[in-house]
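The values are calculated or read from the model by the stated rules, or taken from the named source; none is laboratory data. Keep in mind that what you see is a predicted model, and the values were worked out from it rather than measured. Cβ coordinates were reconstructed from backbone atoms using ideal geometry, including for glycine residues, and neighbour counts include every protein chain displayed.
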Amino acid sequence: MSIRLLTIIGSGETSPTMVKVQKDIISRIRSSGISSPKCVLLTTPFGFQENVEHVTVKIITYFRQSIGVEMEKACLDSGDPIIAQQATNLLSQASLVFSGPGSPSYALRYWENTAVPKLLAKKLTHGGAITFASAAALTLGQFTVPVYEIYKVGTDPYWLEGLNLLKIMGINASVIPHYNNAEGGNHDTRYCYLGERRLGIMENQLADDSYIIGIDEHTACIFDLDSSTVSVDGNGMLTIRYKGVSKTFASGTVLEISQLNEIAASLSTKSTTKTDTTAETLLPSSPLADSPLASSPMLDMVGEHENSFYNELASKNLNGMLKTVLSLEEQLHMWSTDTLQSDNIDQARTALRNMIVELTKLALAAFQNPIETMTPLIDYLVALRDKVRKEQCWQEADNIRNRLIELGIEIHDQPGHTTWSWCEKDVRDC
């Protein structure tokens, strides 16, 4: 029994939000009779980045710790034909091919004259699973958004030819992940940083039988070619859009794959008379309008911890406060494998630091002689600093060290561990 599965993830592919989806994919592969699936990471989309090894380790660590499988890397852009052949062999043998962040145009340039397109197509026709997210997701359709060139460089909007794997299912569409992105704040970064104006220009470049499949952040669209169904999972929605007119489907929706073309065809009739179409069907042109912009699951999680912490502070429940701090630290560790580059993790660490400061203030105020009673807390902070240093979070480690120094504590970094001692300054005066 084989499995033919294409999963497209809008973003968050290595975050806690997609653990359920990724585990379900592995479970379905195993249910097909493959007890030990061979999982391969196709690194090409981010192969140009200086931190390519760091990103690779993050992804492999995520799959090992959160999903419970080992991931092997396949590198096709090293310039070494032996390494490229080894990568091709891995892809050929893979039960699951995963690819994610980076540049879609860079990936397509390297895949163009390789066996990658045929190998991926073979997975969907003869058996196998493909999970493409973020930049890699952009390559799957008939055409691809060269997002770096348009958003970062300022090139006039245009399309690149994509892998067109969706054609195997009879779908003439282009995939746009990060569909509900809201990072721009006061400027429109929906539709993978294109915004409404540029996407409108690009839609006019498409043939009349071509449409757009939009996938929100932290959302998965799962095409099961054996059952001919497509399902939506995660935090956001799937959008079918035709020349400015769209229809959305919430998480939990299951459709027949053939329905996507039917939905696009129905939208095409509305597109010719857009002025008579209901407001719910037409997308707003302003990012500040009432549209389904993305929230940040990480910052939502941090906000919940902050509310809990300060509620416990108001109740003077020290145990509850400490429990919340430890829970937030554990969540940050889980999010550390997320490859999305944003300032969310910095905001989360600031929240954690603020909580630690509040705990320290309580400890200082509560005891006449804090030296003995503060020792367990100092031990915890020193151990936390050791942990973030091992994770190469140098700024975080320096912030903890500086705060401890301000409290009259001397830090002594030794090979493999850290010790501390009180200085002459009375910590009660800090």
Of the residues that sit in region 68-86 and are touching a residue at least 24 places away in the same chain (Cβ under 8 Å) and not in a loop (DSSP other than H, G, I, E, B), which one is farthest from the chain's Cα centre (by Cα)? Ala84
Residues satisfying the stated conditions in region 136-149, i.e. touching a helix residue (DSSP H, G or I) at 6+ places or on another chain (Cβ under 8 Å), at pLDDT 95 or above and either aliphatic (A, V, I, L, M) or buried (at least 24 other Cβ atoms within 10 Å of the Cβ) (or both): Ala136, Leu138, Thr139, Leu140, Gly141, Thr144, Val145
Scanning for something in contact (Cβ under 8 Å) with a residue 12 or more places away in the chain, part of a loop (DSSP other than H, G, I, E, B), within 18 Å of Pro45 (Cβ to Cβ) and not aliphatic (A, V, I, L, M), does region 192-215 turn up at least one residue? no
How many residues are over 30 Å from the mean Cα position of the chain (by Cα) and free of Cβ contacts under 8 Å to residues at least 24 places away in the same chain when one looks only at region 293-315? 4
With the structure loaded, tell me whether Leu364 is assigned by TED's automatic domain parsing to the domain that holds His417 and modelled with pLDDT under 85 or whether it fails that test. yes
Cys192 vs (1) over 19 Å from Glu13 (Cβ atoms); (2) in contact with a His (Cβ under 8 Å, 6 or more places away or on another chain): all pass except (1)
Of everything in region 28-77, what is of a type in the set (Gly, Ala, Ser) and surrounded by 13 or more Cβ atoms within 10 Å (Cβ to Cβ)? Give them in sequence order. Ser32, Gly47, Ser66, Ala74
Of residues in region 309-341 being under 17 Å from Leu299 (Cβ atoms), polar (S, T, N, Q) and surrounded by fewer than 19 Cβ atoms within 10 Å (Cβ to Cβ), the one modelled with the highest pLDDT: Ser327
Search result, residues across region 414-430 that are modelled with pLDDT of 85 or more and within 35 Å of the chain's Cα centre (by Cα): Thr418
Could you list all residues from region 93-106 that are small (Gly, Ala, Ser) and in contact with a Gly (Cβ under 8 Å, 6 or more places away or on another chain)? Ala94, Ser95, Gly102
Quick one: would you say Ile130 is assigned by TED's automatic domain parsing to the domain that holds Leu260, within 22 Å of Asp216 (Cβ to Cβ) and modelled with pLDDT of 95 or more? yes
With (1) at pLDDT below 85; (2) surrounded by fewer than 16 Cβ atoms within 10 Å (Cβ to Cβ); (3) part of a helix (DSSP H, G or I); (4) not hydrophobic (A, V, I, L, M, F, W, C) as the list, and Gln395 as the residue in question, which single condition is left unmet? (1)
Which of the residues spanning region 210-246 are at positive phi and more than 16 Å from the chain's Cα centre (by Cα)? Ser228, Lys243, Gly244
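Condition check ((1) in the same structural domain as Leu238 (by TED's automatic domain parsing); (2) out of contact with any Leu (no Cβ under 6 Å at 6 or more places or on another chain); (3) assigned to a helix (DSSP H, G or I); (4) under 16 Å from Ala94 (Cβ atoms)) across all residues:
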{"site": "Val21", "(1), (2), (3), (4)": "yes, yes, yes, no"}
{"site": "Ser35", "(1), (2), (3), (4)": "yes, yes, no, yes"}
{"site": "Val40", "(1), (2), (3), (4)": "yes, no, no, yes"}
{"site": "Ile60", "(1), (2), (3), (4)": "yes, yes, yes, yes"}
{"site": "Phe63", "(1), (2), (3), (4)": "yes, yes, yes, yes"}
{"site": "Ser66", "(1), (2), (3), (4)": "yes, yes, yes, no"}
From Asp224, Asp156, Asp209, which residue is of a type in the set (D, E, K, R) and touching a Lys or Arg at 6+ places or on another chain (Cβ under 8 Å)? Asp224
